[in-house]
1. Of everything in the range 278-287 that's modelled with pLDDT of 95 or more and closer than 15 Å to GLY224 by Cβ, which residue is surrounded by the fewest Cβ atoms within 10 Å (Cβ to Cβ)?
2. What is the number of the single condition among (1) assigned to a helix (DSSP H, G or I); (2) among the β-branched types (Val, Ile, Thr); (3) under 23 Å from SER158 (Cβ atoms) that ILE287 does not meet?
3. Report yes if some residue within the range 125-141 is touching a His at 6+ places or on another chain (Cβ under 6 Å), buried (at least 19 other Cβ atoms within 10 Å of the Cβ) and modelled with pLDDT of 95 or more; otherwise report no.
4. Could you tell me whether the range 110-117 includes any residue that is basic (Lys, Arg) and surrounded by 23 or more Cβ atoms within 10 Å (Cβ to Cβ)?
5. Please verify whether the range 184-192 includes one or more residues that are at pLDDT 95 or above, among the aromatic types (Phe, Trp, Tyr), crowded, with 20+ Cβ neighbours inside 10 Å and farther than 18 Å from GLY67 by Cβ.
6. Can you go through PRO237, PRO217 and tell me which one is at pLDDT 95 or above and either part of a strand (DSSP E or B) or surrounded by fewer than 17 Cβ atoms within 10 Å (Cβ to Cβ) (or both)?
7. Mind checking which residues of the range 91-109 are among the charged types (D, E, K, R) and buried (at least 19 other Cβ atoms within 10 Å of the Cβ)?
8. Answer yes or no: is there a residue in the range 213-223 that is in contact (Cβ under 8 Å) with a residue 40 or more places away in the chain and closer than 24 Å to ASP54 by Cβ.
Amino acid sequence: MSTNRSSGPVRQRAALGSALAATLLLSGCGAEVEPDAAKASGKTTVQRCGEPVDYTVPERAVAYEGGSADKLFSLGLTEHVHGYVMPPANPPVSESPWAAEYAEVKMLSDDLLNKEVVVEAKSDFVVAGWNSGFKDERGITPEILDKLGIQSFMHTESCFNYPKYPEKVTPFEALYTDLDRLGRIFKAEKKADEVVGGLKKRVEAVRAKAPKGEPVPVFLYDSGTDQPFTAGNQVPPNDIIRTAGGRNVFDGLDQRWTQVNWESVAKAEPEVVIILDYGDLPAEKKIDFLKKSPHTRELPAVKKDNFFVLDYNEGISGPRNIDGLEKFAAYLRSLDR
């Protein structure tokens, strides 16, 4: 927030002190303060990870993957969306609760997000995650797009290690934050409040029904044969497992999607395995591998056939996280422990 200059150190310190007190008061309530300069220009100041950015209302948004598109569609912003980029590993958009909205916009690419597709689409706004959609190695980052005059927004869930402007909150809180911030950017605050309120009620309903006692140890299997790829504590499955009454056996890893070793999986003795379902390898084949592999065939979850299949778009940051939560919670409650 800018402060007015004044002549004299005493008056300046007083002005700065008052501004700081006001800022602390507002930030303590979770508010994001919009600078006067942004208001005067018709822009809205919203955090992009830990960085305050001035936004104008986008008219040609591009969404990368289902989580980004779902957030925009859930807020009723279809008319502001030009198109989406959807790599082939993603499940078909026809399976989305917003299939009709997907049909109204363009599929721009079935490859990874890149600068060329965004520029060719004449986009004025790109939504993606850090190190998933935006990536230095692929030459598309918020900083690069800023220089091109293209606005960008990152999933808060992906911000915990964003260079210079990190931001760290729990995955569900990150989802609510994104919907709130997108609502402000598109001036759809009322709709965002309604959507977030509905999601929070559903989460609390699940939490109230969670089994009592020691949480069930759960291992999420994404992929990998030599070494497994799994979920750390910075991705939605960690909150899905915890809220439903389980414990992610790798919740101590301050990571998003990460590689571990089979020895640590065996040592954790998971009673349930979540299979993340996506790509060319069906969930059934992943389960078959775990049943045959000497690393995993003796795990309690495998011996009891305790497998739960989580759809890819229920596992990445987006409104469908809560669908996945409700399904997994029902599954946990059905187990005979």
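1. LYS285
2. (3)
3. Yes, there is a match, as at least one residue in the range 125-141 is touching a His at 6+ places or on another chain (Cβ under 6 Å), buried (at least 19 other Cβ atoms within 10 Å of the Cβ) and modelled with pLDDT of 95 or more.
4. Among the residues of the range 110-117, not one is basic (Lys, Arg) and surrounded by 23 or more Cβ atoms within 10 Å (Cβ to Cβ), which makes the answer no.
5. no
6. PRO217
7. Hit for the range 91-109 is GLU101, nothing else.
8. Within the range 213-223, none of the residues are in contact (Cβ under 8 Å) with a residue 40 or more places away in the chain and closer than 24 Å to ASP54 by Cβ.
The values are calculated or read from the model by the stated rules, or taken from the named source; none is laboratory data. This is a predicted model, so every value here is computed, not measured. We place every Cβ from the backbone using ideal geometry, glycine too, and count neighbours over all the protein chains shown.
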